[in-house]
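> Here's a structure for you.
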Amino acid sequence: MSLCLCGTGIGSQLLSNHNFNAPAAQNFLNYFLLAFVYGIVLVFRNSEHNFLTVLRKRGWKYFVLAVVDVEANYIIVYAYQFTNLTSIQLLDCSTIPTVMILSFLFLSTRYLLIHIIGVTICMLGIACVIYADAVTGSSGGGSNPLLGDLLCVASTFLYAISNISEEFLVKEHDRIEYLGFIGIFGSIISGLQFGIAEHRNLATVTWNTPVIGGYLLFTFSMFAFYSMVSIVIRKTSALMFNLAALTADFYSLIAGLIIFHYSFKLLYVVSFLLVIAGTVIYSIKKTQKGRHENRSLACRCLKAICPCMECCRECRPTSPYTVQEVERSPSASLELQDTSCSYSD
């Protein structure tokens, strides 16, 4: 997975070095492949998870998520025009604190002090990269490294929203459904975007071997990355996925020095070591889940603003008991019935 993430970075840097400035077009083929492979499976399903049923029930959720995902990819690819591969890959870990906050608000995840310390150390590593690029300026491998860094940080916020939404959807439903609809809506959105805004840039592209190679490397690395991420997030969590993906920083650092001949910066090494240290500290203890019957904090806040939030199934209180506990304990069954009656009232 980390190698795929590094492959997308190398492909983007190759395209940027050869003046391929069409981020939406660069992402289009990946979404098309997702739609072609996983969308076809959805269409030919006979269960309640087939294409038309899912589209009618929750298609709008996948459309909104596809908009967020497409624009996150657009901004991160656009950032390669201003900064370099190493900076972008290191700054990717700024997704982690945002994922923590969103997990706390929407997924009822509870963090201990040691988790906060680990993430804080990771953030110090991010600060080292931004400081190094701000001091170096355009001599560091980009026309405006500071702007590129800020674009990268902005994209990581959108990625965090996408990751948290993906965690909920693949665990609540299934990964084929998620990948199929993200591919379908993503290819439509990115196709319209590059058709309207990037057709002139594409007309000036020289399709030589480095450009074609970089485009294919980016596309197939991204397709494999999306396919594997959905498995990892389904079995673990969005935050654990982002922590595991930090190993891509090491490969990107090596690629930047060997392939693109970036100047060596000591702060890059300091940043990498801080990120690794923060990850190890974070992983010492597992996170805790809040009790579902209390609802997530975000749902409670939204309900205070919008009384219609009760119609959202994700915001309804769920039973604190498992099916086995209800079957074994009559008192649990009676309490559950009382709770259900009071909620309906």
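The values are calculated or read from the model by the stated rules, or taken from the named source; none is laboratory data. Since this is a predicted model, take the numbers as computed values, not measurements. Every residue, glycine among them, receives a Cβ derived from its backbone with ideal geometry; neighbour counts consider all protein chains shown.
> Mind telling me which of the residues Thr209, Thr236 ends up being within 30 Å of Met123 (Cβ to Cβ) and of a type in the set (Ser, Thr, Tyr)?
Only one candidate passes the filter, namely Thr236.
> Then there is this: Can you name the residue in the stretch 48-72 that is β-branched (Val, Ile, Thr) and at pLDDT below 90 and is also surrounded by the most Cβ atoms within 10 Å (Cβ to Cβ) among such residues?
Out of the qualifying residues, it is Val54.
> If you take the residues of the stretch 73-99 that are within 18 Å of Leu273 (Cα to Cα) and among the β-branched types (Val, Ile, Thr), which of them is surrounded by the fewest Cβ atoms within 10 Å (Cβ to Cβ)?
So the residue we want is Ile96.
> Additional query: Just to be sure before I move on: is Leu253 modelled with pLDDT under 70 and surrounded by 21 or more Cβ atoms within 10 Å (Cβ to Cβ) in the structure I sent?
no
> Still on this structure, please answer the following. Looking at Ser221, Ser252, which one is assigned to a helix (DSSP H, G or I) and closer than 24 Å to Ile40 by Cβ?
Being assigned to a helix (DSSP H, G or I) and closer than 24 Å to Ile40 by Cβ holds for just one of Ser221, Ser252, which is Ser221.
> If only one of Ile189, Ile196 is assigned to a helix (DSSP H, G or I), without any contact (Cβ under 8 Å) to a residue 12 or more places away in the chain, closer than 30 Å to His18 by Cα and in the same structural domain as Val129 (by TED's automatic domain parsing), which one is it?
Ile196
> When you scan the stretch 104-131, how many residues do you find that are part of a helix (DSSP H, G or I) and at pLDDT 75 or above?
The qualifying residues number 19.
> Between residues in the stretch 45-62 that are touching a residue at least 12 places away in the same chain (Cβ under 8 Å) and residues that are part of a helix (DSSP H, G or I) and of a type in the set (A, V, I, L, M), which pairs lie under 6 Å by C-beta distance while being six or more apart or on different chains?
What qualifies is Phe51/Leu42; Phe51/Val43.
> From Thr156, Thr136, Thr206, grab the single residue that is at pLDDT below 90 and in a loop (DSSP other than H, G, I, E, B).
Sole residue among the options that is at pLDDT below 90 and in a loop (DSSP other than H, G, I, E, B): Thr206.
> I would also like to ask the following. Taking the residues in the stretch 199-224 that are over 22 Å from the mean Cα position of the chain (by Cα) and aliphatic (A, V, I, L, M) as candidates, determine which candidate is nearest to His18 (Cα to Cα).
If we take residues in the stretch 199-224 being over 22 Å from the mean Cα position of the chain (by Cα) and aliphatic (A, V, I, L, M), then Val211 is nearest to His18 (Cα to Cα).
> Taking Leu42 as meeting all but one of (1) surrounded by fewer than 21 Cβ atoms within 10 Å (Cβ to Cβ); (2) more than 16 Å from Ile76 (Cα to Cα), write down the number of the exception.
If we test Leu42 against (1) surrounded by fewer than 21 Cβ atoms within 10 Å (Cβ to Cβ); (2) more than 16 Å from Ile76 (Cα to Cα), just (1) comes out false.
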